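Sharing a structure here in structure tokens format.
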Amino acid sequence: MNNKERKNRKSLFIVLIVFILAGIFMPIPYYIEGPGSAVHLNELVEVNNEKDQEEGHFMLTTVAIRRATPLTYFMKYMPFHEGLTKEKLFGTGTSDAEYTNLQNYYMTSSINSAVEMAYDAAGKSYQLTYNGVYIMSVLEGSNFDGKLEIGDTILSLDGQSFDSSVEFIEYVQQQKVGQIIEVAYEHNGEKQTTSDKLMEMKETKKAGLGIALVDNTSIKTDIPVAINAGEIGGPSAGFMFALQIYTQLVDKDLREGNEIAGTGTIESDGTIGRIGGIDKKVVAASDEGATIFFAPDDTIDPVIQANYPEMTSNYQEALKAAKEIDTEMKIIPVKTFQDAIDYLEKL
């Protein structure tokens, strides 16, 4: 082999190594969603400064979202994996940081809802405080685009504070389109102010800031409760958090040593809401050794059902996934928090 051939082989080898490394590590604007983990809630929750020491566990379940590379892109063809574009995952015009802010808000909100539900069910006292309006998105054409961001909390308008988002909206709608309004808000923990003109809202033809909003609340309890969710985001852990907290508040063993996983949002009236990716969560729970899985038995709106005739309830989706992986884990339908309590009390 002459020197030229050696150099050519060396160059080819280097190109091959670079190609392989790029395939493994170079991120592309595409994401892979797959089964995540089933996390023992006694590791995350303390009630009255104590952790749950009873046999068995309640588990929240997650999906895993990974930034794809040219090589891992093909994971989307694996069972219980899905490929997502950046637009589908984050939404149009939403940055990575804004998406993270939203997920953190959803988790904080779900924790507050879980505490409220658990303390109500256990007959324990708490105080719910309204902190302001949380910005979910800034609409195209809003004069506050670039001034207010997703994740900011509006504290007052023209120096006036409010006790609910309903009062907030009513105040804004009483003003005139084009009127300048001063907004006091909190951004990354710092209080700031800005001002600009109100726009005409397309739906109502009334004045508005041009934002989508929800209530930002906090909750204080006489019996202390602490939840460390770590890097877990989103709203779907509310129901399982409520179960864990309630069990500790009433000091009653409801698990009978079982490993119990589940998912679902929780409303103040006890309704357990639909979530995404439940098939992947069933896989995660089964892999962790869960024997029971609570799935929201949601009722699909007739209008939505007409547009998406193939859509089924979370419970039906979970049943299908359990059958596909041939797990012995029981899938239990629950519409309300009380449904879950009733089932557990019969174990």
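Inspect the stretch 255-262 for any residue being surrounded by fewer than 24 Cβ atoms within 10 Å (Cβ to Cβ), in contact (Cβ under 8 Å) with a residue 60 or more places away in the chain and within 15 Å of Val334 (Cα to Cα) and give the result as yes or no.
Taking every residue of the stretch 255-262 in turn, none turns out to be surrounded by fewer than 24 Cβ atoms within 10 Å (Cβ to Cβ), in contact (Cβ under 8 Å) with a residue 60 or more places away in the chain and within 15 Å of Val334 (Cα to Cα).
Within the stretch 322-347, which residues are over 22 Å from Glu267 (Cα atoms) and open to solvent by 60 Å² or more (accessible area, probe 1.4 Å)?
Passing the criteria: Lys323, Glu324, Asp326, Glu328, Lys330, Lys346, Leu347.
Any chance the stretch 133-147 includes a residue that's within 20 Å of Thr265 (Cβ to Cβ) and polar (S, T, N, Q)?
Yes, the stretch 133-147 contains a residue that is within 20 Å of Thr265 (Cβ to Cβ) and polar (S, T, N, Q).
Could you check, for the stretch 147-154, whether at least one of its residues is open to solvent by 60 Å² or more (accessible area, probe 1.4 Å), of a type outside the set (A, V, I, L, M), at pLDDT 85 or above and within 28 Å of Asn228 (Cα to Cα)? Spell out the reasoning first.
In the first step, residues of the stretch 147-154 are kept if they are open to solvent by 60 Å² or more (accessible area, probe 1.4 Å); the result is 147, 149.
Those left that are additionally of a type outside the set (A, V, I, L, M): 147, 149.
Applying the additional criterion that residues be at pLDDT 85 or above yields 147, 149.
So of that shortlist, the ones also within 28 Å of Asn228 (Cα to Cα) come out as 149.
Checked against the condition, which is being open to solvent by 60 Å² or more (accessible area, probe 1.4 Å), of a type outside the set (A, V, I, L, M), at pLDDT 85 or above and within 28 Å of Asn228 (Cα to Cα), the stretch 147-154 yields at least one hit.
Test Gly230 against the stated conditions and say whether it is touching a helix residue (DSSP H, G or I) at 6+ places or on another chain (Cβ under 7 Å), modelled with pLDDT under 95, under 30 Å from Asp152 (Cβ atoms) and not aliphatic (A, V, I, L, M).
no
Here's something else I'd like to know. Filter the stretch 208-229 for residues that are outside any loop (DSSP other than H, G, I, E, B) and closer than 30 Å to Asn49 by Cβ and give the result.
Hits for the stretch 208-229 are Asp215, Asn216, Thr217, Ser218, Ile219, Lys220, Thr221, Val225, Ala226, Ile227.
Just one of Tyr171, Tyr246 is open to solvent by less than 40 Å² (accessible area, probe 1.4 Å), at pLDDT 90 or above and either among the basic types (Lys, Arg) or farther than 27 Å from Val115 by Cβ (or both); which is it?
On the way: Tyr246 fails: either among the basic types (Lys, Arg) or farther than 27 Å from Val115 by Cβ (or both).
None of the other options fit; the residue is Tyr171.
Identify, from the list Asn131, Asn216, the residue that is closer than 30 Å to Asn42 by Cα, in contact (Cβ under 8 Å) with a residue 12 or more places away in the chain and buried (at least 19 other Cβ atoms within 10 Å of the Cβ).
Just one listed residue meets the conditions, Asn216.
Does the stretch 219-238 hold any residues that are of a type outside the set (Val, Ile, Thr), in contact (Cβ under 8 Å) with a residue 12 or more places away in the chain and open to solvent by 40 Å² or more (accessible area, probe 1.4 Å), and which are they?
Selection gives Lys220, Asp222, Pro224, Ala226, Asn228, Gly230, Pro235.
Output yes when any residue across the stretch 5-23 is among the polar types (S, T, N, Q) and modelled with pLDDT of 85 or more, and no when none is.
The answer is no; no qualifying residue exists.
While we're on this one: Take the stretch 155-167 and flag every residue that is under 22 Å from Tyr106 (Cα atoms) and open to solvent by 80 Å² or more (accessible area, probe 1.4 Å).
Those that are under 22 Å from Tyr106 (Cα atoms) and open to solvent by 80 Å² or more (accessible area, probe 1.4 Å): Asp163, Val166.
Looking for something of a type in the set (Ser, Thr, Tyr) and either in contact with a Leu (Cβ under 8 Å, 6 or more places away or on another chain) or without any contact (Cβ under 8 Å) to a residue 12 or more places away in the chain (or both) - is there at least one such residue anywhere in the stretch 276-297? Can you show your working first?
Here is the first cut: in the stretch 276-297, the ones of a type in the set (Ser, Thr, Tyr) are 286, 291.
When the remaining residues are screened for being either in contact with a Leu (Cβ under 8 Å, 6 or more places away or on another chain) or without any contact (Cβ under 8 Å) to a residue 12 or more places away in the chain (or both), the result is none.
No; the residues of the stretch 276-297 include none that is of a type in the set (Ser, Thr, Tyr) and either in contact with a Leu (Cβ under 8 Å, 6 or more places away or on another chain) or without any contact (Cβ under 8 Å) to a residue 12 or more places away in the chain (or both).
Can you name the residue in the stretch 174-212 that is under 13 Å from Gly132 (Cβ atoms) and of a type in the set (Val, Ile, Thr) and is also least open to solvent (accessible area, probe 1.4 Å) among such residues?
Across the stretch 174-212, the extreme among qualifying residues is Val183.
Checking the condition modelled with pLDDT of 95 or more and touching a helix residue (DSSP H, G or I) at 6+ places or on another chain (Cβ under 9 Å), which residue from Ile266, Ile278 passes?
Unique residue meeting the criteria: Ile278.
State which residue pairs qualify: first residue within 25 Å of Thr100 (Cβ to Cβ) and at pLDDT below 90 and inside the stretch 77-89, second residue among the β-branched types (Val, Ile, Thr) and surrounded by 11 or more Cβ atoms within 10 Å (Cβ to Cβ) in any location, beta carbons under 8 Å apart, and separation of 6 or more residues or different chains.
Leu84/Ile32; Leu84/Ile65; Leu89/Ile65
Listed here are the residues, each with its yes/no results for (1) under 30 Å from Val250 (Cβ atoms); (2) of a type in the set (A, V, I, L, M).
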| residue | (1), (2) |
| --- | --- |
| Leu102 | no, yes |
| Met117 | yes, yes |
| Val133 | no, yes |
| Lys147 | no, no |
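Please find, within the stretch 169-184, the residue that is nearest to Lys205 (Cα to Cα) out of those that are in contact with a Gly (Cβ under 8 Å, 6 or more places away or on another chain) and not β-branched (Val, Ile, Thr).
By that ranking, first place goes to Gln173.
Tell me, please, whether a residue that is open to solvent by 70 Å² or more (accessible area, probe 1.4 Å), modelled with pLDDT under 95 and assigned to a strand (DSSP E or B) can be found in the stretch 92-101.
No, the stretch 92-101 contains no residue that is open to solvent by 70 Å² or more (accessible area, probe 1.4 Å), modelled with pLDDT under 95 and assigned to a strand (DSSP E or B).
The values are calculated or read from the model by the stated rules, or taken from the named source; none is laboratory data. Here the structure is a predicted model, which means the values were calculated and not measured. When we count neighbours, we look across all protein chains shown, and the Cβ atoms used for this are built from the backbone with ideal geometry, even at glycine. Just so you know, the surface numbers come from the protein's heavy atoms only, side chains and all, with ligands and any DNA or RNA stripped out. Shrake-Rupley method; radii C 1.70, N 1.55, O 1.52, S 1.80 Å.
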